[in-house]
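Taking it in order: structure first as structure tokens, then the write-up.
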Amino acid sequence: MSGGVGTDDYALSRVPEHARYSWWSVAVQRFGQVSALSQFLLGSTLGFGMGFWDAFLAFTLGAVILELVSIGVGIIGCKEGLNTSLLARWTGFGHGGSALIGVAIGVSLVGWFGVQSGVSAEGLVSLVGVLPVWAWSLVFGLVVTMIVLWGFGSMQWVAYVTVPAFLVLVGWSIGSALLGHDVGALMVSPPPGPSISLVEGTTLVAGGFIVGAIITPDMTRFNRTSADVVKQTVVGFTLGEYVIGMSGVLLAHAIRSDDIITIVTSSVGWVGTLIIILGTLKINDWNLYSAGLGVVNFVGSVLGRTVSRPMVTLALGVVGSLLAAGGILDLFTGFLSVLGVVFPPIAGIMVAEYFVVKRWRGDLEAARTTGALPVTSPTWVPATLVIWAASALLGGLVDAGLPSVNSIVAASVLYVLAGRLGLLRGIGVSRTERPDVVPAPAVTS
């Protein structure tokens, strides 16, 4: 599964059993995603507008939502060994629908890749200097790109280094910032800023990582069992939300501000800046990795051609780095946030199809016995596209409740109802690019 630079990493095939990893190897990367710098900032936002225990409840409810979504789609990815956009062909969306998912994932995540590269560049200017922000944006983006070229294996070893380092440095910075404060008093103190309701807080927690939850199969296809998926998800989200998120809450109460990054970098100097860089690196490799998988599936679906995952990754990494260097991605963060509204219904449809309706699950299971892919898939499933659009609009326009939960539940219910009414009919038949490819043995840990 490799050739030239990097490794294809089973971009258009199943991950075979012999290429799976221990649950801990995958869990470290999941924890690295959830404990990123953005979680620290989320904690400070909640702490500025909520009391400690209210923020704790918001993190708990948000984490439960994210865990349920991640476990649902993650188990599908583990059982079938397929990434999110490829899996969508046989979980309700068809060939064309999976192409739309692939391009949405690609555009969204390469955009966030560029944004995060810009954030790290500013930290590198503060820490090292020498080069301007635009140059560090290029350097950081291209370094992450080189890591992602070799796929899950190299990203695993990067996580082994960056995750412990990030935790140690965060612990140091938090200890320094809280020195002299009565933690018990902080836990019962009123929020220093404008009030945030429990619903708003929970929405911030769940919405902040919902795209990461939806693309969970990109990661869990390397798990060996469904139990491993559950373990890593619960451990990763619990530690990530509480250890990093609640630390941000305490800091916001201590300094009476939500600008904890400035406080941390000024109080512990280079350590705080290094936290920013490591916190960005741990999630940015997965931004680029999943973007590459989505685009590979998009090209395969639309053009019927098999393209190299490493080459696609390299191209996206260069584009994202150049956009970050140009400083124009800040103009697109609003668009990227809006794009995030389209993702939650995908999980609802996939879970409803795979576990309840099972319209195309038999095709997946029959092909799984040989380690290959189903030879064909429906080209379009119109009912699914209507449900997807309607559920996304519901999540984006209805104020009551939690938007992501509303859209996921609506998509699930509507899809099951459409299945019962016999509306889930494919239009056209598309042939899989490489249906009979059975990956060669690989060495894993």
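The values are calculated or read from the model by the stated rules, or taken from the named source; none is laboratory data. Values in this document were obtained by computation on a predicted structure and should not be read as measured data. Here Cβ is always computed from backbone atoms with ideal geometry, including for glycine, and neighbour counts include all displayed protein chains. Calculation scope for accessible area: heavy atoms of the full protein, side chains included, ligands and nucleic acids excluded. Shrake-Rupley method; radii C 1.70, N 1.55, O 1.52, S 1.80 Å.
Take Arg305 and Val356, extend 7 Å from each Cα along the Cα→Cβ direction, and tell me the distance between the two endpoints in nm. Placing both labels 7 Å beyond Cα along the Cβ direction yields 4.0 nm. Among 68-75, 292-299, the peptide with the highest mean count of other Cβ atoms within 10 Å heads the list, and the full ranking is 292-299, 68-75.
For Trp53 and Val398 in the same chain, what is the full-extension length gain: residue separation times 0.36 nm, less their Cα-Cα distance, in nm?
Working: separation 345, 0.36 × 345 = 124.20 nm, distance 2.75 nm.
Between Trp53 and Val398, full extension yields 121.4 nm more.
A Förster radius of 35 Å, combined with the Cβ-Cβ distance separating His181 from Ser22, puts the computed FRET efficiency at roughly 0.30.
For Val413 and Val168, FRET efficiency with R0 = 45 Å and r from the beta-carbon atoms, rounded to 0.05? Display every interim value, and only then the final one.
Numbers: r = 45 Å, r/R0 = 1.01.
The value I calculate is 0.50.
Pairwise Cα separations in the chain fall into 20 Å bins from 0 onward with the following percentages, short to long: 26, 58, 16, 0.
Show that you can apply the helix-only estimate: for the chain, add -39,500 (n - 2.57) for every DSSP H stretch of four or more residues, divide by all residues, and state [θ] at 222 nm to the nearest 500. Spell out each step's value before the answer.
On the way: 21 runs with 306 residues, N = 445.
Dividing the helical sum by the residues of the chain leaves -22500 deg cm²/dmol.
Rolling a 1.4 Å probe across the protein heavy atoms gives the chain an accessible surface of 37 Å² per residue.
Rounded to two decimals, what is Rg over Rh for the stretch 73-172 when you use alpha-carbon atoms and the Kirkwood radius? Present the calculation step by step, with values, prior to reporting the outcome.
On the way: Rg = 17.6 Å, Rh = 16.2 Å.
The Rg/Rh ratio comes out at 1.08.
Give the peptides 22-35, 142-155, 84-97 in descending order of average Cβ contacts within 10 Å, highest first. Please list the in-between numbers first.
On the way: 22-35: 23.1, 142-155: 20.6, 84-97: 28.5.
Order by mean packing, descending: 84-97, 22-35, 142-155.
Computed packing ranks the peptides 398-404, 209-215 as 209-215, 398-404, most packed first, by mean other Cβ atoms within 10 Å.
Enclosing the Cα atoms of the stretch 1-117 in their convex hull gives a volume equal to 156 cubic angstrom per residue.
Of the accessible area of the stretch 108-210, with the probe set at 1.4 angstrom, what percent is carbon plus sulfur? Reported share for carbon and sulfur atoms: 75 percent.
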